[in-house]
């Protein structure tokens, strides 16, 4: 379950982008970023980097070495990350064990809330077939 939770966090992270303020002038990829400018870091794109993840657009619940950035890194690591991982592991694990026939409802389309920085479903239509 732990590996599946990590892959789900990588594949479709809730926090799609974060905003930072440039602390001092620097050059990245031939572009100069000036002190005080805002920079948007797209975690959703970072977690799909083909140089880091083999076949990054495929959901693989058994993906090894899944070092994604969904919860940030270093001094910007999300303090709630370990709790979010544990809660997801317990909740999804319990659902899978208790309702093994749980599936996305036939013909259901996922309806995402419009938000550029965070990705959330309006609803998740499921069905259970024992």
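The distance separating the Cα centre of segment 1-21 from that of segment 61-125 comes to 8 Å. Counting only alpha carbon atoms, the long axis of helix 2-11 and the longest principal axis of the chain meet at about 60°.
Helix-only arithmetic for the chain: the sum of -39500 (n - 2.57) across DSSP H runs with n ≥ 4, divided by the residue total, places the mean residue ellipticity at 222 nm at -7500 deg cm²/dmol. Considering only 65, 44, 80, the mean-square fluctuation computed in a Gaussian network model of the chain, springs between alpha carbons under 10 angstrom, is largest for 80. Run a plain Debye calculation on the chain (Cα atoms as equal point scatterers, no solvent) and give log10 I(q)/I(0) at q = 0.14 Å⁻¹, rounded to two decimals, same order as the q list. For the chain, the Cα-only Debye profile gives -0.78.
Taking 0.36 nm per residue of separation and subtracting the current Cα-Cα distance, fully stretching the chain between residue 118 and residue 27 would add 30.0 nm. Considering only 61, 69, 102, the mean-square fluctuation computed in a Gaussian network model of the chain, springs between alpha carbons under 10 angstrom, is largest for 102. Using Cα-only point scatterers and the Debye equation, what is log10 of I(q)/I(0) for segment 45-103 at each q in 0.18, 0.28 Å⁻¹, rounded to two decimals? Values, matching the q order: -0.85, -1.12.
Note on residue 20 and residue 41: their simple-model spin labels are 0.3 nm apart, each label 7 Å out from Cα toward Cβ. Build a GNM of the chain with springs between Cα atoms under 10 Å apart, and of 35, 27, 54 the one that fluctuates most is 27.
Roughly what angle does helix 81-98 make with the longest principal axis of the chain, taking Cα atoms, 0 to 90 degrees, to the nearest 10? Result, in degrees: 20. Over segment 1-111, Cα pairs under 8 Å with separation of 6+ residues give a relative contact order of 30 percent.
Coordinate-derived values only; no laboratory data. Being a predicted model, the structure only gives us computed values, none of them experimental. Using ideal geometry, Cβ is built from the backbone for each residue, glycine included, and neighbour counts are taken over all protein chains shown.
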